[in-house]
Amino acid sequence: MTGDPRWRARAREALYNYTTTKELLKKGEEDIIYSHGQPRDHRYRRGGVNNPTQIKALLLDTAERRRMLAQVRAVERLIAALKRDGRRHRVKALQLLYLVYIRHTHSLYYASLALDLSERTAKRMNSALLSFVAREMGWLTPAEAERFDAPPAEGPPAAADRA
């Protein structure tokens, strides 16, 4: 079984839209809880739902809402995983995530300059962030995700040929 061939673009979109999606979900829940809904016109409705709050609840339980919730949870798992691991490169990856995808203040190149990373290291970190989200969303199989999360080979390539 292969994953989604457009996993990288979809994961990037999920990361860029994280704050907006989270706000939309929160507004939808608040609308259900605090809203007064449509005023009732007191006409007899045959076979329909009469309660406006119940109508909104039925509308919110759609595939789109579940997809949005899954994306928010995947990004939150990524942030939690980066916060749990206190190693230096994970802290830099978390800062890169905030600068590029959550705050939208830097491009990947300028974030690498701001964090004092090489551009190649920033690209590797970005690839790991994207593959984590794609794996959480099910767009990548575990075997494919291993390929993108694998650390670089130890030592120069010529040393492997001599052994």
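The values are calculated or read from the model by the stated rules, or taken from the named source; none is laboratory data. Quick caveat, the model's predicted, so the values are computed rather than measured. Glycine also receives a Cβ, built like all others from the backbone with ideal geometry; neighbour counts cover every protein chain displayed.
So here's what we get for this one:
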item	result
Residue list for segment 101-136, restricted to those being acidic (Asp, Glu) and free of Cβ contacts under 8 Å to residues at least 24 places away in the same chain	ASP116, GLU119
Residues of segment 68-106 that turn out to be at pLDDT below 90 and not in a helix (DSSP H, G or I), as a count	3
Counted residues, segment 107-147 - those being part of a loop (DSSP other than H, G, I, E, B) and aliphatic (A, V, I, L, M)	3
Extreme residue, farthest from the chain's Cα centre (by Cα), among residues of segment 1-29 that are modelled with pLDDT under 90 and of a type in the set (Gly, Ala, Ser)	GLY28
